[in-house]
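Visitor: The structure that follows is given in the form of structure tokens.
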């Protein structure tokens, strides 16, 4: 689990970003401006900074400049989240050292993917994704349940990874066949999916009638449950 600082002065957007971060299995710390950020840095250093540009007091570009100059934070990645979509703003942010630039409004899954990518490139913290009792280690293709390692086959892990990609949302059998097995056509081979889901559940010690992890959505597919 990574610690992620969010500098956002609009309360509604800050709460949305916080929820997005925590759903991805990370700790979120919401701060309203540069003053609160500087105060928090005296006691804690994050693994990633999500930074708005239009803030009261010191703006996001100035915060980013100071962030990259300071030895303690220079190597910590920054993702800019801004309603400013002009190319010159994006170029400036990237030139100042931001890892990524996401324009508001953004999709929840898009932001989670950008966060995971930024953390995976630079810090070890995001190499572990926690969903309640289930922990995934994407880099090493390992998982654990209740702290105990679980051995999965290559396809079982790919299946779990695909469900995690859409965590909280229903994934149809057809979509799973396409993304995990590479089927191009909508062939009626759903037994392949059902068999592998059954095997996955057995290894996760997941009771289908009272699931902790993989839920069957009748007539639609499967869903990886959010904690």
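The values are calculated or read from the model by the stated rules, or taken from the named source; none is laboratory data. Worth saying up front: this structure is predicted, and the values here are computed from it rather than measured. For neighbour counting, all protein chains shown are included, and Cβ atoms are generated from backbone atoms with ideal geometry for every residue, glycine included.
Visitor: Is it fair to say residue 49 is within 21 Å of the chain's Cα centre (by Cα), surrounded by 14 or more Cβ atoms within 10 Å (Cβ to Cβ), touching a residue at least 40 places away in the same chain (Cβ under 8 Å) and not assigned by TED's automatic domain parsing to the domain that holds residue 169?
Guide: For residue 49, the condition - within 21 Å of the chain's Cα centre (by Cα), surrounded by 14 or more Cβ atoms within 10 Å (Cβ to Cβ), touching a residue at least 40 places away in the same chain (Cβ under 8 Å) and not assigned by TED's automatic domain parsing to the domain that holds residue 169 - is met.
Visitor: Next up: Listed residues 200, 163; which is in a helix (DSSP H, G or I), closer than 22 Å to residue 25 by Cα and touching a helix residue (DSSP H, G or I) at 6+ places or on another chain (Cβ under 6 Å)? Full working, then the answer.
Guide: Numbers: 163 fails: touching a helix residue (DSSP H, G or I) at 6+ places or on another chain (Cβ under 6 Å).
Going through 200, 163 in turn, just one is in a helix (DSSP H, G or I), closer than 22 Å to residue 25 by Cα and touching a helix residue (DSSP H, G or I) at 6+ places or on another chain (Cβ under 6 Å): 200.
Visitor: Condition (residue is free of Cβ contacts under 8 Å to residues at least 24 places away in the same chain and closer than 25 Å to residue 107 by Cα) applied to region 145-157: is it met by at least one residue?
Guide: no
Visitor: For residues that are modelled with pLDDT under 75 and either closer than 25 Å to residue 78 by Cβ or surrounded by 13 or more Cβ atoms within 10 Å (Cβ to Cβ) (or both), scanning just region 131-149, find the one that is farthest from the chain's Cα centre (by Cα).
Guide: The qualifying residue farthest from the chain's Cα centre (by Cα) is 139.
Visitor: So which of 125, 118 is surrounded by fewer than 18 Cβ atoms within 10 Å (Cβ to Cβ) and either over 23 Å from residue 40 (Cβ atoms) or modelled with pLDDT under 90 (or both)?
Guide: Numbers: 118 fails: surrounded by fewer than 18 Cβ atoms within 10 Å (Cβ to Cβ).
That would be 125, the only listed residue that is surrounded by fewer than 18 Cβ atoms within 10 Å (Cβ to Cβ) and either over 23 Å from residue 40 (Cβ atoms) or modelled with pLDDT under 90 (or both).
Visitor: Further question: Since residue 203 meets every condition but one in (1) farther than 26 Å from residue 2 by Cα; (2) modelled with pLDDT under 90, which condition does it not meet?
Guide: (2)
Visitor: Can you tell which of 76, 80 is closer than 24 Å to residue 12 by Cα and either free of Cβ contacts under 8 Å to residues at least 24 places away in the same chain or surrounded by 13 or more Cβ atoms within 10 Å (Cβ to Cβ) (or both)?
Guide: One residue alone meets the criteria, 80.
Visitor: Please enumerate the residues belonging to region 203-214 that are free of Cβ contacts under 8 Å to residues at least 12 places away in the same chain and either within 18 Å of residue 174 (Cβ to Cβ) or surrounded by 15 or more Cβ atoms within 10 Å (Cβ to Cβ) (or both).
Guide: 206
Visitor: In region 216-227, which residue that is surrounded by fewer than 16 Cβ atoms within 10 Å (Cβ to Cβ) and on the phi < 0 side of the Ramachandran plot is modelled with the lowest pLDDT?
Guide: Quick first cut of region 216-227, residues surrounded by fewer than 16 Cβ atoms within 10 Å (Cβ to Cβ) only: 217-220, 226-227.
Adding the requirement that they be on the phi < 0 side of the Ramachandran plot leaves 217-218, 220, 226-227.
Details: 217: 94, 218: 91, 220: 90, 226: 78, 227: 70.
Among those residues, the one meeting the criterion is 227.
Visitor: Something else: Over 17 Å from residue 93 (Cα atoms), more than 23 Å from the chain's Cα centre (by Cα) and either at pLDDT below 90 or outside the structural domain of residue 166 (by TED's automatic domain parsing) (or both): is that true of residue 25 in this structure?
Guide: no
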